[in-house]
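Written below as structure tokens is the structure these notes are about.
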Amino acid sequence: MIPGDERSKERIHQIQEMGFTAAKIDIDDALDSARFDRVNWTASNAEIDHMIAKAAFTRGLYPRNFDLAVDMHARYDVGTAKRVAKELEPFKLMWLEEPVAAENIDAMREVHDSTSTPIGCGENVYLRWGFREILEKRAADVITPDYQKCGGLLEGRKIADMAHTYYVPVAPHAVTSPIGMMATAHVCAAVPNFLVQEWHWIDSLDLWRNWVKEGEIVQKGFIALSERPGIGVEMNEDAARKAQVPGTPWFEPVRRG
């Protein structure tokens with residue numbers, strides 16, 4: 001989101017028209033002119049001001065009953081993360097996602113303990129054992145496992161159940177096709193601490209809608225689970241091939257020498 005930008009305003013309106021009740025924005029920018037350099041984890045005062053301005057602009061255009069999350073993509077150090085989290089407190093976010101890298105759980109906990117802004121993490125954490133210390137140390141208020149890579153659907157269910165014992169909600173990361181989204185939704189429907197499921201296709205709506213033979217699976221911001229056997233959707237290969245990475249095989253066995 002760009003503060004004051006008309007296209008950003010149109011996007012915010014579009015998200016509401018589609019029936020969604022929550023959204024997440026990125027406030028980090030590797031190309032921000034105020035950055036010290038591309039690899040420095042410390043943000044300047046001006047860069048922090050830019051991040052807060054994005055959150056303020058977006059929060060101001062959504063109604064109070066619409067939830068907002070913010071992502072920093074593990075790009076910053078503890079000092080920066082604590083400053084940003086503190087300045088975001090007035091916006092009452094659903095969560096601030098990975099202000100520091102999740103592999104240093106003590107650093108994440110330090111940020112968590114410094115602010116009333118809820119902290120989320122977990123899209124690159126794997127298996128129950130990866131989440132155990134995060135939960136035990138109370139380093140996050142929301143966990144965001146990716147069920148396509150954290151160990152599968154059953155492992156995702158076990159992660160959610162473990163989080164439930166700590167009263168921590170689950171908001172799955174899901175940059176995937178309607179097939180992966182529907183699979184994730186089946187797990188979410190089976191856990192009481194499900195919060196919200198990520199969706200990334202607003203810039204490729206035609207491809208999204210045609211990817212499976214059932215058509216659009218998101219109706220007014222929600223996914224209704226199919227009662228058919230299995231996941232409940234079937235790939236439309238002609239449409240899905242349009243997203244195939246050039247030079248990669250299409251479900252053919254890979255020959256090895």
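Please treat every number below as a calculation from the coordinates, not as lab data. Just so it is clear, the structure is predicted and the values come from calculations on it, not from any experiment. Methodologically, a virtual Cβ is constructed for each residue, glycine included, from the backbone with ideal geometry; neighbour enumeration extends over all protein chains shown.
Could you compute the FRET efficiency for residue 32 and residue 66, with r as their C-beta to C-beta distance and R0 at 35 Å, rounded to 0.05?
Computed FRET efficiency for residue 32 and residue 66 comes out at 0.85.
Relative to the longest principal axis of the chain, what angle (0 to 90°, nearest 10) does the C-alpha long axis of helix 6-17 take?
Orientation of helix 6-17: about 60 degrees from the principal axis.
Got a sec? Which residues in region 92-129 would a label at residue 136 touch, if it sits 7 Å along Cα→Cβ and we count backbone N under 11 Å?
Output list for this probe position: 129.
Let me spell out the model: positive unit charges on the Cβ of Lys and Arg, negative unit charges on the Cβ of Asp and Glu, origin at the Cα centre of region 6-204. What dipole size does that give, in debye rounded to 20?
Values: 22 positive and 30 negative charges, 79 e Å.
For region 6-204, the charge dipole is close to 380 debye.
So if R0 is 22 Å, what FRET efficiency would residue 250 and residue 225 give, r being the distance between their Cβ atoms, rounded to the nearest 0.05?
About 0.20, to the nearest 0.05.
Say a site is exposed when it is one of the trypsin sites (Lys or Arg not before Pro), sits in a DSSP loop, and has at most 10 other Cβ atoms within 10 Å; what is then the longest site-free stretch of the chain?
65-219
Which chymotrypsin sites (Phe, Trp or Tyr not before Pro) in region 26-100 sit in a loop by DSSP (not H, G, I, E or B) and have at most 14 other Cβ atoms within 10 Å of their own Cβ?
Within region 26-100, the qualifying chymotrypsin sites (Phe, Trp or Tyr not before Pro) (loop, at most 14 other Cβ atoms within 10 Å) are 36.
What's the Kirkwood radius of the chain in Å, using all Cα pairs?
Kirkwood hydrodynamic radius for the chain: 19.6 Å.
Just the C-alpha atoms of region 103-218: what Rg/Rh do they give, with Rh taken as the Kirkwood radius?
Rg/Rh: 1.02.
What is the helix-to-structure angle for 127-136, meaning the angle in degrees between its Cα long axis and the longest Cα principal axis of the chain, kept from 0 to 90 and rounded to the nearest 10?
Roughly 30 degrees, rounded to the nearest 10.
With no solvent and one point per C-alpha, what does the Debye sum give as log10 I(q)/I(0) for region 57-140 at q = 0.10, 0.12, 0.17, 0.20 Å⁻¹?
Values returned for q = 0.10, 0.12, 0.17, 0.20 Å⁻¹ are -0.24, -0.34, -0.65, -0.85.
Measure nothing fancy, just the Cα-based angle from helix 45-61's long axis to the longest principal axis of the chain, in degrees from 0 to 90, nearest 10.
Approximately 60 degrees, to the nearest ten.
Starting from the Cα gyration tensor of region 170-257, multiply each eigenvalue by 5, take the square root, and state the resulting semi-axes largest first in whole Å.
For region 170-257, the ellipsoid semi-axes come out as 25, 16, 14 Å.
Answer with one residue from 88, 201, 156: the one whose Cα lies farthest towards the positive end of the charge dipole of the chain, charges on Cβ with Lys, Arg +1 and Asp, Glu -1.
The residue sitting most towards the positive pole is 156.
Report the per residue volume, in Å³, of the convex hull enclosing the C-alpha atoms of region 1-89.
Dividing the Cα hull volume of region 1-89 by its residues yields 94 Å³.
So which chymotrypsin sites (Phe, Trp or Tyr not before Pro) in region 207-257 end up in coil per DSSP with only 16 or fewer other C-beta atoms within 10 Å?
Values: sites: 208, 211, 222, 250, 251; in loops: 211, 250, 251.
When the chymotrypsin sites (Phe, Trp or Tyr not before Pro) of region 207-257 are filtered for loop state and at most 16 Cβ neighbours within 10 Å, 250, 251 remain.
What are the residues whose amide H is under 5 Å from the amide H of residue 146, where those residues sit 5 or more places off or on another chain and H is modelled from the backbone?
So residue 146 has HN proximity to 125, 173.
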